[in-house]
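Scroll down for the structure; my scribbles are underneath it.
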Amino acid sequence: MTTISLEALKQRLALIEDAEIIDRETTDGLRLTFIYLGTLIDQERLNESILVPLVRSFQSSVEKSLTTAKITRLSNLEQALQYLMKGSVLVHDSSSGRWQAIMLPNSLSRSIETSETETIMFGPKDSFSEQLEQNILLIRRRLPLTALKTERYSVGSLTQTTVVLMYIDGLINPEFVAVAKNKLSSIDFDMFLDSSHVAAFMEDHYHSIFPQYLQTDRPDSCAYSLGIGKLVIFVNNTPFALVAPITLFHLFQSPEDYINRWLVASFLRPLRYLSFLLSITLIPIYVALTTHHYQMLPLQILYVIIESRSKLPLSPFWEAFIILITLEIIKEASLRMPTKTSQNLGVIGGIVIGQAAVEAGFASKVLIVLAGISAISTFLVPNYLVTKSSLLLQFIFLILATYLGIPGILLGLVGMFAHLNGLTSLNQPYLAPVSPFYWRDWVDLFVRGPLHAMRIRPEALRPLNKYRISRRSK
Amino acid sequence: MQAISLFRKTSHQESGFYALFLTNRIQMLYYMIVMPSALVQPYMLLAIVAMGIASQFCLYMLSKWFATPYAAQGYQGFEKLFGKRGIKILALASLPLLLLKISFISISYAEIMQQFVFPSMDREWHIVFPFILSCYLALFGMENMVRFVTIVFIGTIWIFFLYTPYFLVQSNSIHDLYPLIPIGPEPFAWKSLLLVFSSFSGPEFLIAISYWLNPQRKMLKYLTIANAISVGEYLFISIASLLFYGSKYLPTIKYPNVEMGRYLQSPVFERVDIILISAYSFSFLYSIALFVLMIYGASRLLGKTKTNTTLIGLIVSGCAAMAVTLPISKWFWEPGLEQSFWLDLQMWAGSATYLLVPLLVWIAIKRKARTTS
């Protein structure tokens, strides 16, 4: 380890325009050197809370002069540089030769805003921001517990990204924490600019198209997850927290489920599962029926389809493929384009797909209707990553339907469920509580039972404290 | 070749539900489709109840095995009970039976698929595609396979409820179900009885996977429930067939259950049976995958058990099963022959294993208990 010297520091800070090195002498005669990066620290606080009190001080050391500041004594150059790059002011006392660091990070951040990815009508409106401490605060406000533990890790050789592991001690199954710690400690990569990068390195099956960590920017959702025995991972500079272990069914749950009346929520949740299935199978079913199983359709519907397809030069597969690809191009373009022009895109897309494609003979009216239903269905799934996954699944099912018809779609479904059954999140089964079978958890699975009925935490998570109610009142 | 752990066990969840679902799905595998054509007289419904009770006896013996500590020990348990040579003999004997079962169910299902869904496609393709998917299923290992049965159960049990309308048809008469006791001298329908008993067979293979089922003392309860559900389902489908076709017309139909599906209609689909047949593939694919894994397990017992399981080993097992199935389908599954020979063969083999395997294990447990005490 290299010892700290002013020369060595100056050498490392060469060509860094915002690096500042200033010397001050205290009233008592202490000669102090302050080194910091002007853009990283709060300069106002530096003046008011550090420089002025120190210069006017009659004390013999920095620690005695600044009783309220958190001061860390530094022992080597690497440590000093680490503190410097994280928003600390390095203070060198030339008389004692000591090097100290005082954290003064620039609190530059955006205000707490409403979640854009998981919007709800009722319920809390706050969402996470890029500021790690602020995100932790939002959770601590909801769960004011000493048992709510936070452990810090640093990942990425270039980005030195701070990752915080959060869980409720004494409630969560320690196995999950051990696995997460092990995974976090073994991460070896240079850059982590987003929570999804961390998730990619912590996933058990990175080839799968299904996310194994729930990414959410809602503090209420995270607090609920912590309260039922999951852990949350925060990544600095990311407004999305990672929640694990999750199951496929968690991706279909919305915070609004627990705000709505339970009967209403129980109606909406199956609707989401159905929409997901529709989004991946509706167009393939159309292709299967029009390619292989005309006999399955009632005569009236058959007339409509035959009439609609009578002038089409393309086979059902190519017809569906072109429309689906066009639809995806429009969807992607609307996400990337500036807000003002994206509205025009919607109009153009609507006219091109809805009218021109039919008139030009590229697609049938029936397919346009089905493509519309299928596209809308994808948006019912609360998780954006699942919505994206469904696109790929749709194409796989389309190919299966083209060659094997309805049995092909069923084979695809079997394959999909087999794949899901083999997936794990933090080494926990992805299809619980269906497989493995925990029948008690079904009260909050396909339907959302009344809160009074959810007296125990999900059995699949094997929490240390399984009761959600006081045992005496039971 | 990359080492994969097909037979490892990580979870310790104790759930008799897997045994319940497995028993029920294996019992409802194929005979559900053909049985109504064999039980053409109303009084034969009693055969289902009688054979259900007989099946319960076999399940009772099976539960004795599950209650012993040997069941939870896997290979070591078998070794203690049968010895190394005994295991090898059992593994060797199980291989042809497993291959026969796989061949029979996959060809039968492929035939239905060809007849009702894809008449223009060769039957062999209906065997190859499911086999490939079954191997993919088996790739996830025994632990995942055992858990997967929950999804299979949920994915197929709803099919029976679609047959409810056959009980509600106005022209139905309770007299169609008479006589429940044969009047006059009837020919002894021992073959029908054997077929029904054979249709309840399959749970004996659970012995091979008892290690992953986390056996427990309450297993008899779950096996009994499964058996009761199977009896209920067989009765349900047989009564529906009798009400719909009548006992005179019923013997003329090869697949009464599937044909009935043709009369089910919905506002969107006129041929619901295509969906039902396709959905039922869930059970078949699962069973083939399970049996392929068992074949691989049995062949490992004959060779080196201490080496790691490999992907290639599993594929070879799957290919061996397919290599037996495809020639049977191509050259030995002739019209008429499939009913008179293959059905008879499977009927005898199924009945024999269902009776003898639990009995053998039961005797071995008794013998072991006597020698250790």
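The values are calculated or read from the model by the stated rules, or taken from the named source; none is laboratory data. None of the values given here were measured: they were computed from a predicted structure. Cβ atoms come from the backbone with ideal geometry, glycine included; neighbour counts cover every protein chain shown. To get the accessible areas, we keep the full protein, side chains included, count just its heavy atoms, and leave off ligands, DNA and RNA. Shrake-Rupley method; radii C 1.70, N 1.55, O 1.52, S 1.80 Å.
From the helices alone, meaning DSSP H stretches of at least four residues, give me the mean residue ellipticity at 222 nm for chain A, per-run term -39500 (n - 2.57), in deg cm²/dmol to the nearest 500.
Working: 15 runs with 196 residues, N = 474.
Mean residue ellipticity at 222 nm (helix-derived): -13000 deg cm²/dmol.
Springs join every pair of Cα atoms under 10 Å in this Gaussian network model of chain B, and among B:THR68, B:THR325, B:THR224 the largest mean-square fluctuation is at B:THR68.
For peptide A:402-408, compute the average count of partner chain beta-carbon atoms within 10 Å of each residue's beta-carbon. Don't jump to the answer; show the numbers that get you there.
Details: counts 0, 1, 7, 5, 9, 13, 2.
Across the residues of A:402-408, the mean count of other-chain Cβ atoms within 10 Å is 5.
To the nearest ten degrees, helix B:311-327 and the longest principal axis of the Cα atoms of chain B are 40 degrees apart.
Count Lys and Arg as plus one, Asp and Glu as minus one, and take only other residues whose Cβ is under 9 Å from that of A:THR290; the net charge is then 0.
Over the Cα atoms of chain B, compute the convex hull volume and normalise it per residue, giving Å³. Walk me through the numbers on the way to the answer.
Numbers: hull volume 56.2 nm³, N = 373.
Dividing the Cα hull volume of chain B by its residue count gives 151 Å³.
Peptide A:414-426 has a mean shielding of 5, counted as Cβ atoms of other protein chains within 10 Å of each residue's Cβ. When only Cα pairs below 8 angstrom with a gap of at least 6 residues are kept, the range B:237-358 shows a relative contact order of 12 percent. Per-peptide packing, taken as the mean over residues of other Cβ atoms within 10 Å, places A:305-313, A:357-365 in the sequence A:357-365, A:305-313 from highest down. For the protein assembly as shown, the spread of Cα positions along the three principal axes, ordered from largest to smallest, is 123, 85, 57 Å.
Leaving ligands and nucleic acids out of the surface, order A:THR72, B:THR307 by accessible area at 1.4 Å, largest first.
Values: A:THR72 35, B:THR307 70 Å².
Result, largest first: B:THR307, A:THR72.
Each Lys or Arg adds one and each Asp or Glu takes one away; over the other residues whose Cβ falls under 11 Å from the Cβ of A:GLN134, this sums to 0.
In the assembled protein chains, B:HIS175 presents an accessible area of approximately 120 Å² (probe radius 1.4 Å). Counting heavy atoms of the protein chains alone, B:LYS191 has an accessible area of about 90 Å² for a 1.4 Å probe. Tilt of helix B:141-161 relative to the longest C-alpha principal axis of chain B, in degrees (0 to 90, nearest 10)? For helix B:141-161, the angle is close to 10 degrees. The accessible surface of the range B:109-217, taken with every protein chain in place and a 1.4 Å probe, is 69 percent carbon and sulfur. Here the range B:19-143 is treated as an ellipsoid with the same Cα gyration tensor; its semi-axes, largest first and in whole Å, are 31, 24, 13. Note that the range A:22-36 has calculated 3J(HN,Hα) couplings of 10, 10, 9, 10, 7, 4, 7, x, 6, 9, 10, 10, 10, 10, 7 Hz, one per residue in order, obtained from phi through the Karplus relation 6.51 cos²θ - 1.76 cosθ + 1.60 (θ = phi - 60°); glycine and proline are x.
Calculate for chain B the 222 nm mean residue ellipticity that helices alone would give, adding -39,500 (n - 2.57) per DSSP H run of length 4 or more and normalising by residue count, nearest 500 deg cm²/dmol. Don't skip to the end; give the middle numbers.
Numbers: 14 runs with 255 residues, N = 373.
After summing the helix terms and dividing by the residues of chain B, the value is -23000 deg cm²/dmol.
Cross-link check: pairs B:LYS101/B:LYS366; B:LYS221/B:LYS254; B:LYS64/B:LYS191; B:LYS9/B:LYS368; A:LYS149/A:LYS230 evaluated at a Cα-Cα cut-off of 24 Å; pairs beyond the cut-off: B:LYS101/B:LYS366; B:LYS221/B:LYS254; B:LYS64/B:LYS191; B:LYS9/B:LYS368. Summed over the residues of the range A:74-191 and divided among them, the accessible surface reaches 50 Å² per residue at a probe radius of 1.4 Å.
Given a Förster distance of 35 Å, report the FRET efficiency between A:ILE325 and A:ARG261 from their Cβ-Cβ distance, rounded to the nearest 0.05. Please report the intermediate quantities before stating the final value.
On the way: r = 41 Å, r/R0 = 1.17.
The calculated FRET efficiency here is 0.30.
Rank these residues by their accessible area, most exposed first, probe 1.4 Å: B:LYS80, A:LYS181. Walk me through the intermediate numbers first.
Working: B:LYS80 105, A:LYS181 65 Å².
Of B:LYS80, A:LYS181, the descending order of accessible area is B:LYS80, A:LYS181.
Rounded to the nearest 10 degrees, the angle from helix A:365-378 to the longest Cα principal axis of chain A is 30 degrees.
Note on B:116-129: average number of Cβ atoms from other chains within 10 Å of each residue's Cβ is 2.
Rounded to the nearest 100 Å², what is the sum over both chains of accessible area buried where A meets B, with a probe of 1.4 Å?
Buried area between the two chains comes out at roughly 2700 Å².
For the range A:215-220, putting each phi into the Karplus relation 6.51 cos²θ - 1.76 cosθ + 1.60 with θ = phi - 60° gives couplings of 9, 9, 10, 9, x, 5 Hz, in residue order, rounded to whole numbers and with x for Gly and Pro. Per-peptide packing, taken as the mean over residues of other Cβ atoms within 10 Å, places A:227-239, B:111-123 in the sequence A:227-239, B:111-123 from highest down. Contact order, relative form, for the range A:209-298: 22 percent (alpha carbon pairs under 8 Å, 6 or more residues apart, mean separation divided by residue count). Other residues lying with their Cβ under 14 Å from the Cβ of B:HIS126 contribute a combined charge of -1, Lys and Arg counting +1, Asp and Glu -1.
Rounded to 0.05, the FRET efficiency of the B:TYR60 and A:VAL304 pair, given R0 = 60 Å and the Cβ-Cβ distance, is 0.55.
Sort B:176-182, B:268-274 by the packing proxy (mean of other Cβ within 10 Å over each peptide's residues), most packed first. Working shown, then result.
Numbers: B:176-182: 12.6, B:268-274: 19.7.
Descending mean neighbour count gives B:268-274, B:176-182.
Computed about the Cα centre, the dipole magnitude for the protein assembly as shown is approximately 2960 debye when only Lys and Arg (+1) and Asp and Glu (-1) carry charge, each at its Cβ.
Percent relative contact order of chain A, based on C-alpha pairs within less than 8 angstrom and at least six residues apart?
On the way: 729 pairs, mean separation 66.3, N = 474.
Worked out over chain A, it gives 14 percent.
In the complete set of protein chains, residue-level accessible area for B:TRP362 is approximately 80 Å², probe 1.4 angstrom.
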